[in-house]
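J.: Below you will find the structure I want to go over with you.
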Amino acid sequence: MSRRERTERAILQALEEQICETGMAGVGVNSVAKRADVSKELIYRYFGGMPGLMLTWMQEQDFWTKSSSVVKSDESSERPPADLILSMLREQIEALANNQPLCEVRRWELIERNDVSAKLADRRESAARAFIDRVDGLTDDTDVPAVVSIMLAGVLYLMLRAKTEEYFLGVPLRTPEGWERLWNAIEHLTASLPQDLKTKSLRSLEGQRASRATTLQRKPQKGE
């Protein structure tokens, strides 16, 4: 590992420790530089300031901003969309579980929008759309993006809520048993998706969607 790589790693570690100690309210270039025992100029030189530093750190932490098997086209195409949705939700839970600094950042994003949080949110939205655009429009029976939004938002809220509340509607948020109940509920909701989304591969459904679009484009309009 080069000297620069060691310094970058020390800065990233200092950022994580600062988040754990003070929450995002105490995070800034000066506090991170002091904890890492480097000049703040190095943070600007190596990361371009706090937005770049946070994006680099999140790349290693967050489900949507790191590499995920769910959003890789080649690896996901042969699986049914319902299976992919479950995998995405499971990976989201695992990304947040026992990761205090990541949870702190996600809470911060929910209540404050600034240059840093906006870049994080925009990057996550872009990565998420790479997945959701593939399952959108595969069926006329269900608004899949809306269904996934509800489930994903529920997972995120309950994971973050666990810091301040032990129970939600009587369901434990801090025990494996509680999360097993919640996961069973997620599987139940996913089971209600149209049959094609549970049995046919994403590749085949994308092909059907493309064929429908081509047919609509070729359909004569009135007066033609």
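The values are calculated or read from the model by the stated rules, or taken from the named source; none is laboratory data. What you see is a predicted model; the values in this text were computed from it and never measured. Glycine gets a Cβ as well: all are built from the backbone with ideal geometry, and neighbour counts include every protein chain shown. To get the accessible areas, we keep the full protein, side chains included, count just its heavy atoms, and leave off ligands, DNA and RNA. Shrake-Rupley method; radii C 1.70, N 1.55, O 1.52, S 1.80 Å.
J.: I'd like to check something: does segment 129-136 contain any residue that is open to solvent by less than 70 Å² (accessible area, probe 1.4 Å), part of a helix (DSSP H, G or I) and among the charged types (D, E, K, R)?
T.: Checked segment 129-136: at least one residue is open to solvent by less than 70 Å² (accessible area, probe 1.4 Å), part of a helix (DSSP H, G or I) and among the charged types (D, E, K, R).
J.: Looking only at segment 86-115, count every residue that is open to solvent by less than 20 Å² (accessible area, probe 1.4 Å) and over 13 Å from L156 (Cα atoms) and tell me the total.
T.: Number of matching residues: 1.
J.: With respect to R203, is the statement that it is in contact with a Gly (Cβ under 9 Å, 6 or more places away or on another chain), closer than 25 Å to A130 by Cβ and not in a loop (DSSP other than H, G, I, E, B) true?
T.: Judged against the criteria, R203 is not a match.
J.: Anything in segment 8-24 that is at pLDDT 95 or above and of a type in the set (S, T, N, Q)? List them, or say none.
T.: Listed by number, the residues that qualify are Q13, Q18.
J.: Can you name the residue in segment 137-176 that is in a loop (DSSP other than H, G, I, E, B), without any contact (Cβ under 8 Å) to a residue 24 or more places away in the chain and of a type in the set (V, I, T) and is also nearest to R203 (Cα to Cα) among such residues?
T.: Per the stated criteria, the residue is T175.
J.: Any chance segment 55-62 includes a residue that's touching a Lys or Arg at 6+ places or on another chain (Cβ under 9 Å) and surrounded by fewer than 14 Cβ atoms within 10 Å (Cβ to Cβ)?
T.: Looking for residues that are touching a Lys or Arg at 6+ places or on another chain (Cβ under 9 Å) and surrounded by fewer than 14 Cβ atoms within 10 Å (Cβ to Cβ), one finds at least one in segment 55-62, hence yes.
J.: Something else about it: Do you know which residues across segment 113-124 are farther than 14 Å from M88 by Cα and either assigned to a helix (DSSP H, G or I) or in contact (Cβ under 8 Å) with a residue 60 or more places away in the chain (or both)?
T.: D115, V116, S117, A118, K119, L120, A121, D122, R123 - these are the residues of segment 113-124 that are farther than 14 Å from M88 by Cα and either assigned to a helix (DSSP H, G or I) or in contact (Cβ under 8 Å) with a residue 60 or more places away in the chain (or both).
J.: Given the structure, is E206 open to solvent by less than 90 Å² (accessible area, probe 1.4 Å) and of a type in the set (D, E, K, R)?
T.: Judged against the criteria, E206 is a match.
J.: Follow-up. Being closer than 29 Å to T139 by Cβ, out of contact with any strand residue (DSSP E or B) (no Cβ under 7 Å at 6 or more places or on another chain) and among the hydrophobic types (A, V, I, L, M, F, W, C) narrows it down to one residue among I111, I93; which is it?
T.: Residue meeting the stated conditions: I93.
J.: For segment 1-40, which residues satisfy the criterion of being closer than 26 Å to E112 by Cα, over 23 Å from the mean Cα position of the chain (by Cα) and not hydrophobic (A, V, I, L, M, F, W, C)?
T.: Those that are closer than 26 Å to E112 by Cα, over 23 Å from the mean Cα position of the chain (by Cα) and not hydrophobic (A, V, I, L, M, F, W, C): E21, T22, G26, G28, N30, S31, K34, R35, K40.
J.: I've got another one for you. Pick out the one residue from K34, K119 that is closer than 28 Å to R9 by Cβ, out of contact with any Leu (no Cβ under 7 Å at 6 or more places or on another chain) and open to solvent by 30 Å² or more (accessible area, probe 1.4 Å).
T.: Answer to the check: K34.
J.: On to the next question. Name the residue, out of R9, R79, that is in a loop (DSSP other than H, G, I, E, B) and of a type in the set (D, E, K, R).
T.: Only one candidate passes the filter, namely R79.
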